[in-house]
1. Distance from a point 7 Å along Cα→Cβ of residue A:283 to each backbone N in segment A:247-271: keep the residues under 15 Å and list them by number.
2. Going 7 Å from the Cα of residue A:230 along its beta-carbon direction, which residues of segment A:48-76 have the amide nitrogen within less than 12 Å of the resulting point?
3. Keeping all protein chains in place and using 1.4 angstrom, which order do A:94, B:15 fall into by accessible surface area, from largest down?
4. DSSP beta bridges in the protein assembly as shown, what fraction antiparallel, as a percent rounded to 5?
5. Quickly work out the residue A:294-to-residue A:28 label distance, labels modelled 7 Å from Cα along the C-beta direction, and quote it in nm with one decimal.
6. Which percent of the accessible area of the protein assembly as shown is formed by carbon and sulfur heavy atoms (probe 1.4 angstrom)?
7. Shape of segment B:2-129 from its Cα gyration tensor (a ≥ b ≥ c, root eigenvalues): rounded if a/c is under 1.5, otherwise prolate when a/b > b/c, or oblate?
8. Which percent, to the nearest 5, of DSSP beta bridges fully inside segment A:3-126 are antiparallel?
Amino acid sequence: MALELNEAQELFKSAKNGDRRSLSRLMTSIESGNIPNLERKQCWTLGITGPPGVGKSTLIGQMISHWLVKGHRVAILALDPTSPVSGGSFLADRVRMDQADLSEEVFVRSIASGSNTGGIPNYLGEMCFALSECGWTRILIETVGTGQYDIRIFGYAQRVLLLDGPDRGDIIQAEKAGILELADFIAVNKSDLPGSESAVQGLKLSLGLSENEKRKVHLVSALEGTGIADLISTIDSCEINDSRRKIRMREMLISNWDSLLLNHSQIDLYLEKLCSGSITVNDAINSMVREIISRGE
Amino acid sequence: MRIVIAKPGLDGHDRGAKVVARALRDGGHDVIYTGLRKTPDEIVRIVNDEDAEVLGLSTLSGAHDSLIPKICQKLKISGLSNVVVFAGGIIPDRDRSDLHNSGVRAVFGPGTPTSDILHFLEEVKSRKNKHQEVGVGQDPGWHWN
Ligand SMILES: Nc1nc2c(ncn2[C@@H]2O[C@H](COP(=O)(O)OP(=O)(O)OP(=O)(O)O)[C@@H](O)[C@H]2O)c(=O)[nH]1
Ligand SMILES: [Mg+2]
């Protein structure tokens, strides 16, 4: 363990000096739990959430170009689901981010969500801190986009963009989960398709129901690149909202808690006992928590 | 394992590459797909940034005899000698040994059952566990087929 920590520290050092190979290996190291000493300073992070296929990756591709022109270095952590059946994953977000492959100032890392609820692995925060210290000034996180659990993104990103499409109905999930309420930015994509205007109207209606609503609903086409500059300027000029701190901490707490439980070495055994009725859910929680504490995790 | 599936060259068909990618996912691997028409430099950067252990190159356009050796070469000079490379697509038998010489560890023709590729990956894994060299820039002694 000490050896691995030393290695993480070394990787971090050379990543900070601009070595890309080390940066990439550092991400792997963090993923496997070997985390270097990080300053955990505030860093610029944006979560992008919205239903599958709404255009999150395509939009990120467009935003990359805008931020590059402004002199930023853009890092993207793109999450895709792990198959619960095979344990494997098909990570294809970067296919839609062609712009990413053209510049050294862009770093894209695809991440399998693993067994975590909400599809947010709890080491994501450490990855962001490390990227920030290595000089990446725009750090974007694309979520899996599966509705209610996506709220976990608020535990890891300082600001969140909710992306909707012309086909409403998906967004109802986000609305129920409180994501619409919490999102810092809201945009409707695919303005080149019919129905996008009415999606904007529908969202405005939902938002209008709450008083003091100041957020604008952006209309963009990630395919044609329209409306992006305006969206970027809204994002860049937004002060981060510190009243969210408690919500952020809450989501982070829940997701770390979930992952302690889900990564419990005996979880399958407990599930079997629960199925056969030999223990109750309360029994299971009590003894799992006791085991977690005694292992000092 | 983390595997990048890439399509160098100019042809615009990626059905085959996607079928392979999905099969590897179903075999329990994390598969990163790059999309079409990537240049050797782009592919090498992707393999680096994704910290992949394995790179699968799919080609139809006869790009194998120039592009694949070029990619292998660039991997070696970018500190990625331990990445395992395999190739798939229409590759004439007579070109295989050149590819092996470049560091490619397996060549799969168009009709290959995907289970073959999974077996190859298992073999790679067990060799790696035994600290035997299987990377593109390592001892070229072994190849799968
Ligand atoms: N017409 C139109 N199509 C778009 C637009 N943006 C994205 N698309 C298409 O929508 C499809 C999905 O786009 P992605 O960017 O992969 O969507 P995503 O939200 O990242 O999808 P997941 O990561 O799978 O959840 C692709 O076929 C895109 O070409 C747009 O503005 N207009
Ligand atoms: Mg995507």
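1. A:269-271
2. none
3. B:15, A:94
4. 5
5. 3.6
6. Roughly 52 percent, rounded to a whole number.
7. Rounded is the answer for segment B:2-129, as its axis ratio a/c remains below 1.5.
8. So the antiparallel bridges in segment A:3-126 amount to around 10 percent.
The values are calculated or read from the model by the stated rules, or taken from the named source; none is laboratory data. Note that the coordinates shown come from a computational prediction; the quantities given were computed from them, not determined experimentally. Ideal geometry is used to build each Cβ from the backbone, glycine not excepted, and the neighbour counts take in all protein chains shown. To get the accessible areas, we keep the full protein, side chains included, count just its heavy atoms, and leave off ligands, DNA and RNA. Shrake-Rupley method; radii C 1.70, N 1.55, O 1.52, S 1.80 Å.
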